[in-house]
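Remarks on the structure that follows.
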């Protein structure tokens, strides 16, 4: 016998249609119904779902079955439950959260979503390979090696961490295949299924998709103009059994905020108070002219710092350095071994060569100059429309006004040939997505294409699109 299909919102009670005679487990049927009603438009982001008891009574199910169904839906990224607040449809439910798809590369599409960090300014690969070929035994880089990385590469990783204001030794470093791989190792090795990790309520989408894949729960924490609010983190830790903290304190993605030293002190104190395992990812911090001490420095024995390289140069080589306290080294080394065995030594040798001879620093400095030029272009074209951004950064955060939402603006931009990313892609769980979009300024080497994309964005904001573009 099928359940009655009401599928409407009435006094906050939503009752799905579930086939109780289906051969599949009922809890999966409930999760399927939630997913179906989200994609059909019956349930909307931010909609509060019935309590476990309420829905169990309406459907004639055990409370434990509803709990499993909600947990399954949460693992799919569809809903988010917070102790003391209830269960809500996730802000990004029904939208595409991955940062990469085939669509941005459609013919004629101006790419202003992906952060492709001015790669046309990267070191000359041909010259780098020639230098490596002149080594006495370059074939040695083709062998299996220590999962942590070669000793000389780990030493260079310690030097690179110094660019972020972190004092490290070679023994503290584990080499990874990019920051996303470092995150994968941290989440899989340091946490267990169902663990809760606090993060900014707007955060890096790669963290969201990875947490969902590993069945971890992200807990959104409120932010202000100084980044994550320490009091909100403390309150969330009191309400939830939170195990970890993911933090991007320097040029936060996507809002571009940079956390002050005082706020970093406060966050570090809260993390220590609740024994949180901290993962700090300062991917864009090198785009700024000033350096702040990482939060990790304040509590180094229970934190991992990811010193990425890709946003500075050579993202295709996939190299990042993790600064790891002694108690995590074995687990994270085994995570590297279990995922890719080791980061390709040839790739790391190229990056190490450029770090040691000063090429990396020159590239970073030149990119800051180019980024500042692009920021000025954005300011001139977008005029009085409010946006936040670092003057030497790779992206800006554009605020919208009603009736726009980030999702509707992203869809409209795609209609006129511009790919950008809405706030919904970055919003965690049941947090409310602000009306905003992230705009990359660094993908193309052609400034005329950048200007064209920004002009189309301005014309959407002012509703002055030419008829030819409106019909695209």
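Each reported figure results from applying straightforward, stated rules to the coordinates on display, with no laboratory input. On a predicted model such as this, the values are computed, not experimentally measured, just so you know. In this analysis, Cβ positions are derived from the backbone assuming ideal geometry, glycine residues included, and neighbour counts consider all displayed protein chains.
Results, tabulated for the structure shown:
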read-out: For the chain, calculated [θ]222 nm from helices alone, where every DSSP H run of n ≥ 4 adds -39500 (n - 2.57); value: -12000 deg cm²/dmol
read-out: With Cα atoms, 0 to 90° folded angle of helix 261-273 axis to the chain main axis; value: 60
read-out: Acute angle (nearest 10 degrees) that the helix 179-190 long axis makes with the longest principal axis of the chain, alpha-carbon atoms; value: 60
read-out: Ascending count of other beta-carbon atoms within 10 Å, so fewest first, for 309, 363; value: 363, 309
read-out: Folded to 0 to 90 degrees: helix 326-339 orientation relative to the chain principal axis, Cα; value: 80
read-out: Sorted by Cβ neighbour density within 10 Å, fewest at the top, the residues 208, 356, 273; value: 273, 356, 208
read-out: Residue exposure sequence - 209, 199, 184 - by fewest surrounding Cβ within 10 Å; value: 209, 184, 199
read-out: Region 411-434-region 46-85 distance, computed between alpha-carbon centres (Å); value: 26
read-out: Using alpha carbons only: equivalent-ellipsoid semi-axes of region 239-386, gyration tensor based, whole Å; value: 29, 25, 13
read-out: Region 137-357 - share of DSSP beta bridges that are antiparallel (%, nearest 5); value: 40
